[in-house]
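Here is the structure we will look at, set down as structure tokens.
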Amino acid sequence: MRRVLLTLFALLLAVLLASGWYAYARGFTKKWRNTVMAEMRRRGVEIYLRKLALDPRRGLVAQGVKVLDARDRRRVLAEIDEVILQVNYANLIRGKTFLDALDLRDARLALPIDPADSHSPRIEISRLNARLFLPPRQIYLAHADAEMFGIHIEASGRFINPQDFHRKPAGRASGQIELIARAIEELRALKFEAAPPVLSLTFSGDFSAPETILAEAALWGEGIRRGSYLLRSLYVAVAYRDEIVDLKQLALTDAAGALHLYGTFQQAARALELRLHSTADVQGLARAFRLFPELEEFVFYQAPALDLSVAGILGDTLTFQALGHLALRKFAWKAVIFEGLESDFSWDGQRWSVRDFLLTHRTGKISGDAMRVPGDFRAEVRSNLDPKPLAPLLGGEAAQRMALFEFRAAPQVTLALRGAEPTACTATGNIRLGATSYRGASCESLRAPVRFENRTLTLAPFHLQRAEGGASGGIAFDFQRDEVRLDKIKARVHPSEVARWIDQDLVKDVTPYRFKRAPNLLIDGVVHTKGGKSTRLTVDVDAPGGMDYTFLHRDLSFPEVSGKLAFTWDRMKIHGLSASLFGGRLSGDADISLLKNKPGHSVEMQLDNVDFASLTRLYFHYENSQGRLNARYDFTGRGDDARTMRGRGQVLVTDGNVFAIPFLGPFSGILNAIVPGMGYNTARKAGAAFTVEAGAIDSRDLVIEGAGFSMFGNGKLFFLDDRMAFNMRINAQGVPGVLLFPVSKLFEYTSDEKLSKPVWRARAVPKL
């Protein structure tokens, strides 16, 4: 009997060992796996087991576990390599709930970001150790610890009625999936230079009563690096209670300072409130996490100080209100260095305001307030800083124009801006300039009301002061039409200096007129700054102090001069010119081309009672000429090229010594040879009509009247080449004239040598 019992025991042991070996090596049958899966289904969890095995050391082990979506078994919520099952075998035999607990030891957990996508990236959790008790209709996590992306995680808690958990529809979760994917990307980019950060989680609640769910999380870490940015410390504490997410604290410190963030989110009302205070390196933080690329245009020598509070509703339409205060110490924006900036601000997505704005630069300050609501923008701006250093902020044509200014004293500007939009508003105010120069032309002071509207800057009425005098009137810079409009400007300034302010091209047109003292000007009209055809400008000139002007390479000096200049895009016309010259008067009109490719001018001038000696001394270096000159000369030409001059006129010299004219001087001796003593009778009157062409004066009717004789001449004087081809005939007057008339042909002379040193010789005697 004893042998039989031993044999039966041995057979039973062999069966048990064989069954254990089979259960360990091959696993339990599908029936057993289905039993376990059905057990989990009754607890509200849908799973799939690839293998159910018996481990001699650990007990019943489920391998290749997949947690599935109960509504769509194709959606995998989590994957676990193996789970140790604690089974109540008595309950198993009686068909009752038999899973008491689950143990995970150094397990791996993979959570797909998108359960609907089998190829979705997964959140990998490693070294997972946990003990999960499974009372009826409960999940009790006694303890769990694991590692995820280098972060050590600790968790514990209890949920009641987990079967009542409902996932959000896929459509509403799509945004969360993108957010999770971005978070994973950022977590993988983090480097931990100290001990791994620790994340602690606790939870509790009843899924059948969501308002009872409570969860708390806390994260602590040091030496966390993202690229070149290092977080010295990070602490986050967040809680979920009564369907409210409460960010108790987010605190971080870096090399510059600290950042603190607090806030709540009410899930039912979808109401959000946040409060932030920061003295941290926000630029380094934003660069590390690729946020706010606009900050790359700034350089902060000290970290900004920011206080911000935000309240909003995250409904179908976002509504929020943000209030804050910003304080910057020394910083640079687009290479412009500022000493500081401070301002209060608010924004709700459609309306914004800036209050107590103060921007400090080494040259001064800008202060003011601004507000925008839909359809209405208002601002008040005050400035006493030099705007030229700000030119890099403007860019384009505005920066180029600003570069032309030099402010030796900072401008004083006050502006009020009104309009529907900041980019389409009207600005009105006042401007006061001290010592300032524009394009090299300076002024001592300027004060004017200012208005900017439709891209037009108007200063009217302005009052400008320079060393030589001042100016007043109205001026408008139309940047849209590239025009400068001048309205009845009265000035006593040098025209060449004022021309620089209006249009650089005008400078070369007025530079030849060199006033000894600043003339009195009346300026009115329009100038197109880019050569357009809209230029219409008149300048009335009254210069009692006189003017110098270069004509035919000689400088003429006019003790007083007046006239009107009229400019168009291609011409300058001079009307009513009246000037004193060499004791007489010059009057006339001129029409001068301003086109480089079509130079030219036409002039009508008249000389009355001009000192002939001064004129010949200037142009021909004659020292002995005498008399008074009356003449009219109409001519055309191209630029300064005297050979292109073409003209005609009449000239009359009276009360002078005609023989003192060098090219006629030798005739005094010739007259003495004909009739002794006749050469001492001074010729005091000479007249002629003449034409000018190709550098030559051509006259066919020169008449000289002396005491007892007359002289008649014709020919050409090549005044540019210092040569001549001229003929003269002498007739005696009175009784000698009657006696000598038959042989007057004998007294004809010619010269074809130098104009400056003429040599007259008798022409060939005709045959009788």
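For every residue, the table says whether it meets (1) hydrophobic (A, V, I, L, M, F, W, C); (2) in a strand (DSSP E or B); (3) open to solvent by less than 80 Å² (accessible area, probe 1.4 Å).
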| residue | (1), (2), (3) |
| --- | --- |
| GLU294 | no, no, no |
| SER309 | no, yes, yes |
| GLY312 | no, yes, yes |
| GLY324 | no, yes, yes |
| LEU341 | yes, yes, yes |
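What are the residues in the range 569-599 that are in a strand (DSSP E or B) and among the basic types (Lys, Arg), if any? ARG571, LYS573, ARG585 - these are the residues of the range 569-599 that are in a strand (DSSP E or B) and among the basic types (Lys, Arg). Every test in (1) over 23 Å from ARG188 (Cβ atoms); (2) open to solvent by less than 50 Å² (accessible area, probe 1.4 Å) is passed by PRO136 save one, and that test is (2).
Against the condition basic (Lys, Arg) and exposed (fewer than 13 other Cβ atoms within 10 Å of the Cβ), how does ARG355 come out, does it pass? Criteria not met by ARG355.
A single entry from LEU234, LEU219, LEU214 fulfils the requirement of being out of contact with any Leu (no Cβ under 6 Å at 6 or more places or on another chain), closer than 23 Å to TYR262 by Cβ and not β-branched (Val, Ile, Thr): LEU214. Out of the residues in the range 413-435 that are among the charged types (D, E, K, R) and touching a residue at least 24 places away in the same chain (Cβ under 8 Å), which is surrounded by the most Cβ atoms within 10 Å (Cβ to Cβ)? Here the residue is ARG418. Pairs linking a residue in the range 303-319 that is more than 25 Å from ASP281 (Cα to Cα) to a residue that is open to solvent by 60 Å² or more (accessible area, probe 1.4 Å) and not in a strand (DSSP E or B), with Cβ atoms under 8 Å and 6 or more positions apart or on different chains, are ILE313/ARG270; LEU314/ARG270; GLY315/ARG270.
In the range 621-636, the qualifying residues are those that are hydroxyl-bearing (Ser, Thr, Tyr) and at pLDDT below 80, and the one that is farthest from GLN606 (Cα to Cα) is TYR622. Scanning the range 338-354 for residues that are among the basic types (Lys, Arg), farther than 14 Å from ALA256 by Cβ and in contact with a helix residue (DSSP H, G or I) (Cβ under 6 Å, 6 or more places away or on another chain) turns up nothing. Scanning the range 600-654 for residues that are at positive phi and touching a Pro at 6+ places or on another chain (Cβ under 7 Å) gives a single hit, GLY639.
In the range 224-255, the residue that is farthest from the chain's Cα centre (by Cα) out of those that are open to solvent by less than 60 Å² (accessible area, probe 1.4 Å) and touching a residue at least 40 places away in the same chain (Cβ under 8 Å) is ARG226. Scanning the range 118-135 for residues that are part of a loop (DSSP other than H, G, I, E, B) and touching a helix residue (DSSP H, G or I) at 6+ places or on another chain (Cβ under 9 Å), we see that the one that is farthest from LEU77 (Cα to Cα) is LEU134.
Matching residues to (1) more than 26 Å from VAL282 (Cβ to Cβ); (2) aliphatic (A, V, I, L, M):
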site: HIS325; (1), (2): no, no
site: ALA332; (1), (2): no, yes
site: TRP352; (1), (2): no, no
site: PHE357; (1), (2): no, no
site: THR360; (1), (2): no, no
site: ASP369; (1), (2): no, no
site: ARG372; (1), (2): no, no
site: PRO387; (1), (2): yes, no
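Take the residues in the range 689-724 that are part of a strand (DSSP E or B) and aromatic (Phe, Trp, Tyr), then tell me which one is most open to solvent (accessible area, probe 1.4 Å). Going through the qualifying residues, I end up with PHE712. Between ALA460, ALA467, the distinction of being part of a strand (DSSP E or B) and either modelled with pLDDT of 90 or more or farther than 30 Å from ARG372 by Cα (or both) belongs to ALA460 only.
Within the range 574-604, which residues are among the aliphatic types (A, V, I, L, M) and more than 52 Å from the chain's Cα centre (by Cα)? Residues satisfying the conditions are LEU581, LEU586. Checking every residue in the range 160-171 against the condition of being closer than 27 Å to GLU39 by Cα and modelled with pLDDT of 85 or more gives at least one match.
The rows are residues; the columns are (1) farther than 25 Å from GLY545 by Cβ; (2) open to solvent by 40 Å² or more (accessible area, probe 1.4 Å); (3) over 31 Å from the mean Cα position of the chain (by Cα).
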| site | (1), (2), (3) |
| --- | --- |
| LEU459 | yes, no, no |
| PHE462 | no, no, no |
| ALA467 | no, yes, yes |
| ASP478 | yes, no, no |
| GLU483 | yes, no, no |
| LYS490 | no, yes, yes |
| HIS494 | no, yes, yes |
| VAL498 | no, no, no |
| VAL510 | no, no, yes |
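The set of residues in the range 623-645 that are open to solvent by 60 Å² or more (accessible area, probe 1.4 Å) and of a type in the set (Ser, Thr, Tyr) contains only THR636.
If the condition is being open to solvent by 30 Å² or more (accessible area, probe 1.4 Å) and of a type in the set (A, V, I, L, M, F, W, C), then the range 604-622 contributes MET605, LEU615, LEU618, PHE620. With the requirement that a residue be in contact with a Gly (Cβ under 9 Å, 6 or more places away or on another chain), assigned to a strand (DSSP E or B) and surrounded by fewer than 17 Cβ atoms within 10 Å (Cβ to Cβ), what does the range 361-412 give you? ASP376, ARG378, GLU380, ARG382, GLU406, GLN412 - these are the residues of the range 361-412 that are in contact with a Gly (Cβ under 9 Å, 6 or more places away or on another chain), assigned to a strand (DSSP E or B) and surrounded by fewer than 17 Cβ atoms within 10 Å (Cβ to Cβ). Being at pLDDT 95 or above and either hydroxyl-bearing (Ser, Thr, Tyr) or under 30 Å from PHE207 (Cα atoms) (or both) is a property that TYR235 has. Scanning the range 614-652 for residues that are outside any strand (DSSP E or B) and charged (D, E, K, R) gives ARG617, GLU623, ASP640.
Okay, residues lined up against (1) closer than 21 Å to ASP145 by Cβ; (2) assigned to a loop (DSSP other than H, G, I, E, B):
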{"position": "ALA218", "(1), (2)": "yes, no"}
{"position": "ARG225", "(1), (2)": "no, no"}
{"position": "LEU230", "(1), (2)": "no, no"}
{"position": "VAL236", "(1), (2)": "yes, no"}
{"position": "VAL245", "(1), (2)": "no, no"}
{"position": "ALA269", "(1), (2)": "no, yes"}
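The values are calculated or read from the model by the stated rules, or taken from the named source; none is laboratory data. Predicted, not measured: the structure shown is a model, and the values here were computed from it. Please note: Cβ atoms are built from the backbone with ideal geometry, for glycine as well, and neighbour counts cover all protein chains shown. Heads up: the accessible areas ignore ligands, DNA and RNA and are worked out on the full protein's heavy atoms, side chains in. Shrake-Rupley method; radii C 1.70, N 1.55, O 1.52, S 1.80 Å.
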